[in-house]
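Asker: What follows is a structure written as structure tokens; I'll ask about it next.
The values are calculated or read from the model by the stated rules, or taken from the named source; none is laboratory data. Computed from a predicted structure; not experimentally measured. Because the Cβ atoms are built from the backbone with ideal geometry, glycine has one as well, and the counts that use them run over all protein chains shown.
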Amino acid sequence: MTLQIAIGITTVILAMGTAYAWYQFYNVVRNRCDTCSVGLHQSPFKSKCFVGAVFFTAAFIPSLYSCFLVSGM
């Protein structure tokens, strides 16, 4: 397995995780999520879903950048 393939796989996994995390946060905003620890009148930005979405996005951006660096674009 080459470095380009490994970084590509990592980027795809992080992209799917980022999309899922932001979808879960959307469910929190729409009050459809029953698994988060956000009360009825609390801010959705204090939820576990928002924190997870931010961290997945923070991991996805450098992975995407490294994918472009390795591919030579």
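Asker: Just one of 1, 16 is loosely packed, with under 14 Cβ neighbours inside 10 Å and not in a helix (DSSP H, G or I); which is it?
Answerer: Only one candidate qualifies: 1.
Asker: Kindly provide the set of residues from the range 43-66 that are in contact (Cβ under 8 Å) with a residue 40 or more places away in the chain, out of contact with any Gly (no Cβ under 6 Å at 6 or more places or on another chain) and not small (Gly, Ala, Ser), ordered by number.
Answerer: The initial filter retains those residues of the range 43-66 that are in contact (Cβ under 8 Å) with a residue 40 or more places away in the chain, namely 56, 59-60, 63-64, 66.
Still in the list and also out of contact with any Gly (no Cβ under 6 Å at 6 or more places or on another chain): 59-60, 63-64, 66.
Within the range 43-66, 60, 64 qualify.
Asker: So is residue 59 in contact with a Leu (Cβ under 8 Å, 6 or more places away or on another chain) and assigned to a helix (DSSP H, G or I) or not? Please lay out each step first, then the result.
Answerer: Values: in contact with a Leu (Cβ under 8 Å, 6 or more places away or on another chain): yes; assigned to a helix (DSSP H, G or I): yes.
The answer is yes for residue 59.
Asker: From (1) in a helix (DSSP H, G or I); (2) among the polar types (S, T, N, Q); (3) modelled with pLDDT under 95, pick out the condition that doesn't hold for residue 37.
Answerer: Status for residue 37: all satisfied but (1).
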